[in-house]
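Below is one structure, written out as structure tokens; comments come after it.
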Amino acid sequence: MKIIQDSFKKIKKFFSKKMIIVFSLITATLFLIIFLFLSLYGSWWRIWPKTLEATIALNRLAVLVYEQPYCHDECYLEKTVYRSSILAVVNKPKFFGKLSTIVFNENENLNWRIEIIKILSMAQLPADSNFITNINTYMTTDSGNLEIKENILLYFKDYLNQDNNANYFKTIYMNNLYSTDEKITTLHNLSLLDSDNNDFYLNVLKNENEMIIVAETLRIVGANMSKSDLDQTVLTGLLENILRRSDATFTVRRLCVFILASFLENDQNAEIYKLFEKLVTSGEIDIFTRYLIIDIFNNYTSEKYELPVISQADWDYYYQQ
């Protein structure tokens with residue numbers, strides 16, 4: 001009987017030790033899982049060494065950009081934290097190389113590539129950096145994405161060869177293999193450069209048939225009136241011709257009027273004054289454009305012109321165009 005009791009005690013003791021070991025292993029495993037989860041996905045991710053922390057931040061930021069390409073307050077604050085961790089080690093060659101590879105990878109998500117461009121723009125880059133060489137090459141590469149080029153222009157313009165890029169964008173515009181949307185993006189990219197492109201814009205306004213492209217060119221010209229030395233006489237003639245074109249959209253005509261109106265304040269030769277007077281009295285333009293011109297012109301002339309009567313239905317039609 002005693003032998004049986006001793007044996008039972010030994011078995012009980014053995015299983016007790018085993019249960020303790022098993023319990024300890026399970027506890028350790030659960031703790032490790034929780035620790036890794038909180039480190040990678042929770043609030044403990046910043047306890048790691050800086051390079052690993054930045055890698056985790058980079059992965060988290062990627063997920064955020066994919067899931068929320070249009071960021072609001074909470075998302076923006078989260079992005080700011082991740083960017084801070086990434087920027088802390090961004091100048092380490094290996095990590096910087098990883099980021100720059102994302103920028104030039106045409107198979108990567110577009111919003112993600114743009115996000116990386118923004119981050120790299122916050123880093124201290126030497127002028128002879130390989131990245132600077134690469135973006136200059138990329139800007140004149142036909143296979144390069146035009147939106148990526150636009151963002152490179154926005155954030156790295158001072159590192160780029162302005163004239164080379166201007167000539168390249170002009171070549172794209174002249175190439176009929178590019179779509180209308182691509183040409184519009186190209187014109188916008190060109191406007192971000194500090195090169196003199198006035199003659200080019202005048203040529204577009206003179207020869208372009210697509211009104212959506214004419215409208216974009218007018219927006220560019222109008223936005224740069226204060227710092228532009230466009231020939232006013234030539235521009236005025238082109239705008240008058242566009243106003244009279246039967247295929248000119250209401251948007252295009254409206255933009256033409258606003259640009260012409262910007263000259264009225266300092267119209268020393270009364271050139272624009274006479275043109276507005278002619279457009280108001282001749283009846284050669286549509287009633288909506290005539291209404292806009294009279295509304296503006298009455299602020300500059302002693303003779304007040306009567307605004308044409310336009311029905312609400314006609315106004316609704318106008319604003320839908």
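The values are calculated or read from the model by the stated rules, or taken from the named source; none is laboratory data. Since we're looking at a predicted model, the values are computed, not measured. Note that each Cβ is placed from the backbone with ideal geometry, even for glycine, and that neighbours are counted across all protein chains shown.
Wholly within segment 244-300, which helices (runs of 4 or more DSSP H) include no fewer than the required count, namely at least 2 residues that are under 20 Å from Ala223 (Cα atoms)?
Here the list reads 250-264, 287-297.
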Inset, instruction - Answer yes or no as to whether Ile272 is crowded, with 18+ Cβ neighbours inside 10 Å and at pLDDT 90 or above. - result: no
Legend entry - Within segment 123-140, considering residues that are part of a loop (DSSP other than H, G, I, E, B) and exposed (fewer than 13 other Cβ atoms within 10 Å of the Cβ), the one modelled with the highest pLDDT: Gln124
Inset, instruction - Considering every residue within segment 302-311, establish whether at least one is assigned to a loop (DSSP other than H, G, I, E, B) and among the small types (Gly, Ala, Ser). - result: yes
Inset, instruction - Find all pairs meeting these conditions: Cβ atoms under 6 angstrom apart; at least six residues apart or on different chains; first residue within segment 136-161 and under 18 Å from Leu177 (Cβ atoms); second residue part of a helix (DSSP H, G or I) and of a type in the set (Asp, Glu). - result: Leu146/Glu182
Legend entry - Scan of segment 64-106 for residues that are in a helix (DSSP H, G or I), more than 27 Å from Ile132 (Cα to Cα) and of a type outside the set (Ser, Thr, Tyr), ordered by number: Leu64, Glu67, Asp73, Glu74, Cys75, Leu77, Glu78
Inset, instruction - Please report, ordered by residue number, the helices (runs of 4 or more DSSP H) entirely within segment 154-235 with at least 3 residues that are surrounded by fewer than 18 Cβ atoms within 10 Å (Cβ to Cβ) and not assigned by TED's automatic domain parsing to the domain that holds Asn266. - result: 162-174, 180-191
Inset, instruction - Take Asp316 and decide whether it is under 34 Å from the mean Cα position of the chain (by Cα) and not in a helix (DSSP H, G or I). - result: no
Legend entry - Hey, Glu240 assigned by TED's automatic domain parsing to the domain that holds Tyr317, without any contact (Cβ under 8 Å) to a residue 12 or more places away in the chain and within 20 Å of Leu292 (Cα to Cα) or not: no
Inset, instruction - Could you tell me whether any residue of segment 250-265 is modelled with pLDDT under 90, among the acidic types (Asp, Glu) and more than 18 Å from Thr301 (Cβ to Cβ)? - result: no
